[in-house]
Amino acid sequence: MKKKKDKNKIIAITVLIVGVITLIVGVVFLVLHLVSAPALGDAEYLVEKGSWQLQGGECEEMKCADDTKCLSASSEAMQSCNNDGVIWTFTEIGKGTLTTNNHQNDYDFIWAIEGDKLKIETSWLYTMNNEYTYKLDQGANTLTLDENIVFVAAE
């Protein structure tokens, strides 16, 4: 009879110890979760950084048809021959402006993110609807469209 009581006591103490350890681990994870900064979604991050400038180096690879600035925002024509002048500014979720010539002309656009697609409707001389497959690297501050158009967050 005494062996059974000792065995039950050992099981009870073991369960108690495992429970206390589980409780401590749970409290640690709760505290870490409460004190960690909330991760920003892609849309919030685009707005937080504001302006995104076309990264240099694409001009040689993607020339405009007549070696002048391309005015279209399509994937094929977004390759401005003056990369420094292409700036997209995400002013708030769903709205923004863009320029292809260092703000000599600014154009309004509306935007949305659906899955891995960035949809942009730009008010040029006419309305343009574009859809890009995008990848946003918050650590490197880069926005990559269609795997070959790279924007960096402007300082």
If R0 = 41 Å, then ASN141 and LEU23, at their Cβ-Cβ distance, give a FRET efficiency to the nearest 0.05 of 0.50
Which of the peptides 106-113, 14-21 is most tightly packed, and how do the rest follow, judged by the mean count of other Cβ atoms within 10 Å per residue? 106-113, 14-21
Lysines with Cα under 23 Å of LYS95, excluding same-chain neighbours fewer than 8 positions away: LYS49, LYS117, LYS119, LYS135
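Quickly rank 27-36, 41-50 as a protection proxy: mean count of other C-beta atoms within 10 Å, highest first. Let's see the in-between values first.
Values: 27-36: 9.0, 41-50: 16.1.
Highest mean packing first, the order is 41-50, 27-36.
Here, each number is a calculation from the coordinates, and none is a lab measurement. For clarity, every value in this text was computed on a predicted model and none was experimentally measured. So basically every Cβ, Gly included, is an ideal-geometry build from the backbone, and we count neighbours across all protein chains shown.
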